[in-house]
């Protein structure tokens, strides 16, 4: 299930016509138009994906998203994501890679480490990485597509919190148990996965994008005290698909 839709969504990104270099808004527009153009088979989640992109990139000035983990009703802040045309900044509060971008360079370092990498990037890299950060491996898109395509495999939808509806599988698939979706605005609120060791299931929750006037200075200051070296690697190495 997951593999099938990842192949389709990745292909859609590849067929989007390439705008001029550095044209962030033009590139976003091409992505949206590419997804909107797919009308078959019916039902398909592609037009809804286009609406999600409009939500993601429709913020004013700077967008801010929080990623939280939830287990047994307790939520823990895992990461803050800040973005605007030509910039994406990621602060991980537990583990993972931090990211601060300046022009065509990305400053990356693992949480808690004092050494990092400087990698080169393009707007396409940042947009694709932002899409990945807000839907890792397209897991939520795949689950939502299957809820539309094979509703008999899911329990009736129910609202779990204001604006977010749970689409829960009757039987877990590859460990995944549910996806949480908002229709207005179109947003993937999170997903639930089982514990392979038999413990309590866990969820990842993605807050709806909020608009800020600017990137907090404390985010950009995070690179102070970290020693960076040039690297030929790319942020794309973080995008792992199931």
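The values are calculated or read from the model by the stated rules, or taken from the named source; none is laboratory data. Just so it is clear, the structure is predicted and the values come from calculations on it, not from any experiment. Backbone-built Cβ (ideal geometry, glycine too); neighbour counts: all protein chains shown.
What are the residues in segment 227-241 that are surrounded by 14 or more Cβ atoms within 10 Å (Cβ to Cβ) and either in a strand (DSSP E or B) or within 13 Å of the chain's Cα centre (by Cα) (or both), if any? Of everything in segment 227-241, those that are surrounded by 14 or more Cβ atoms within 10 Å (Cβ to Cβ) and either in a strand (DSSP E or B) or within 13 Å of the chain's Cα centre (by Cα) (or both) turn out to be 228, 238, 239, 241. In segment 155-165, the qualifying residues are those that are in contact (Cβ under 8 Å) with a residue 12 or more places away in the chain and not in a strand (DSSP E or B), and the one that is surrounded by the most Cβ atoms within 10 Å (Cβ to Cβ) is 163. Note on segment 118-129: residues that are surrounded by fewer than 19 Cβ atoms within 10 Å (Cβ to Cβ) and within 16 Å of the chain's Cα centre (by Cα) total 2.
Of all residue pairs spaced 6 or more apart or on separate chains, those with beta-carbon atoms under 7 Å, a first member in segment 213-242 that is closer than 19 Å to residue 123 by Cβ and a second member that is in a loop (DSSP other than H, G, I, E, B) and at pLDDT below 95 are 234/121; 235/121.
Does residue 175 meet the test of being within 18 Å of residue 67 (Cβ to Cβ) and exposed (fewer than 15 other Cβ atoms within 10 Å of the Cβ)? So residue 175 fails the test. Being more than 20 Å from residue 143 (Cβ to Cβ) and part of a strand (DSSP E or B) is not true of residue 203. Once segment 205-237 is narrowed to residues that are touching a helix residue (DSSP H, G or I) at 6+ places or on another chain (Cβ under 7 Å) and modelled with pLDDT under 95, the residue that is farthest from residue 135 (Cα to Cα) is 234.
Only one of the numbered conditions (1) crowded, with 19+ Cβ neighbours inside 10 Å; (2) outside any strand (DSSP E or B); (3) in contact with a strand residue (DSSP E or B) (Cβ under 9 Å, 6 or more places away or on another chain) is not met by residue 59, and that is (1).
For every residue, the table says whether it meets (1) more than 30 Å from residue 117 (Cβ to Cβ); (2) touching a helix residue (DSSP H, G or I) at 6+ places or on another chain (Cβ under 6 Å); (3) at pLDDT 95 or above.
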site: 12; (1), (2), (3): no, yes, no
site: 19; (1), (2), (3): no, yes, no
site: 55; (1), (2), (3): yes, no, yes
site: 63; (1), (2), (3): no, no, yes
site: 70; (1), (2), (3): yes, no, no
site: 79; (1), (2), (3): no, no, yes
site: 94; (1), (2), (3): no, no, no
site: 99; (1), (2), (3): no, no, yes
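Restricting to segment 133-154, name every residue that is part of a loop (DSSP other than H, G, I, E, B) and surrounded by 13 or more Cβ atoms within 10 Å (Cβ to Cβ).
Filtering segment 133-154 for residues part of a loop (DSSP other than H, G, I, E, B) gives 134-135, 150.
Of everything in segment 133-154, those that are part of a loop (DSSP other than H, G, I, E, B) and surrounded by 13 or more Cβ atoms within 10 Å (Cβ to Cβ) turn out to be 134, 135.
All of (1) within 13 Å of residue 97 (Cβ to Cβ); (2) touching a strand residue (DSSP E or B) at 6+ places or on another chain (Cβ under 6 Å); (3) modelled with pLDDT under 95 hold for residue 121 with one exception: (1). Counting only residues that are touching a strand residue (DSSP E or B) at 6+ places or on another chain (Cβ under 8 Å) and in a strand (DSSP E or B), segment 173-189 holds 11 of them.
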